[in-house]
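Since the structure comes first, as structure tokens, the remarks are kept for the end.
Every number in this text was worked out from the coordinates using simple rules, so none of it is lab data. Worth saying up front: this structure is predicted, and the values here are computed from it rather than measured. Methodologically, a virtual Cβ is constructed for each residue, glycine included, from the backbone with ideal geometry; neighbour enumeration extends over all protein chains shown.
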């Protein structure tokens, strides 16, 4: 019985995450520095957390990312006037937890001050 409950809960979590990402999600973003291994995709790229990655289901998918605000006091107003970009998910971010992405340095720098390090974002599929 316990195995069935765990299976049911796992399926429910995956379904909820699927619908959250389809309709847009509130997530967090950090950034990483070059060199980037996916040169064909340009520099407006990101790596997704295991929860978003979903066994490569989002690899190659495009998303609109909007900076919503700070996650820390170090940069209380990190968002720039051009606070939206379009990115392509190209990799898994093994260090990311929950609903989070790791943007390229260039992508992060377009929407927020690099000094923020981590920001709250809206993630919308295109």
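Please work out how much length the chain gains when fully extended from residue 50 to residue 115, using 0.36 nm per residue of separation minus the C-alpha to C-alpha distance, in nm with one decimal.
Gain in length upon complete extension: 20.9 nm.
At 7 Å along Cα-to-Cβ for each site, give me the label-to-label distance between residue 74 and residue 86 in nm.
Between residue 74 and residue 86, the simple spin-label model gives 3.2 nm.
What does the extension gain come out to for residue 37 and residue 106, with contour length at 0.36 nm per residue minus their alpha carbon separation?
23.4 nm
Stretched out fully, how many nm does the piece from residue 62 to residue 126 gain, at 0.36 nm a residue minus the Cα gap?
22.5 nm
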